[in-house]
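Below: the structure, in structure tokens.
Nothing in this text is a laboratory measurement; each read-out follows from the coordinates by a stated rule. No experiment lies behind these values; they were computed from the predicted model shown. Virtual Cβ from ideal backbone geometry, glycine too; neighbours counted across all protein chains shown.
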Amino acid sequence: MKKISFVLSLFLLSIGLFGCQQNSKSIEKITIDSMESNTETIVIEDTKTIEKIKEVFEKAEKQPGIVNMADPEYKVEVGEETYFLWIEEKSGTIMNTEDSHTIYSLSYNSIKQMDEFLN
């Protein structure tokens, strides 16, 4: 009985550790492409800047309703995820390219941060 309990405990522990390992995938670079022609691609490899951009995207608020957007201004690759970005002085929106029916709004502070990275 103790042997079965021990084996079960090891199994559950290994599942837990495997799950934690999957979440710790680090992002080594972020690529930002302007959708306008004749512009340079921005490649960000600085760890602090990558973390700030990830935070901007994580804090974006999901918006309800049907999405009908203009052509995006930027394509942003964050690890294995790709997003479209629309940004103006007082508004910012992102959309995961895998889910074109959902948009997320950026806060004013996030807009200011992204504007710094883009300029």
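Taking a sphere under 14 Å around the Cβ of TYR104 and counting the other residues whose Cβ falls inside, with K and R at +1 and D and E at -1, yields a net charge of -3.
I want to check a number: in the range 26-118, how many lysine pairs have alpha carbons closer than 13 Å, given a sequence separation of 8 or more or different chains? Value for the range 26-118: 5.
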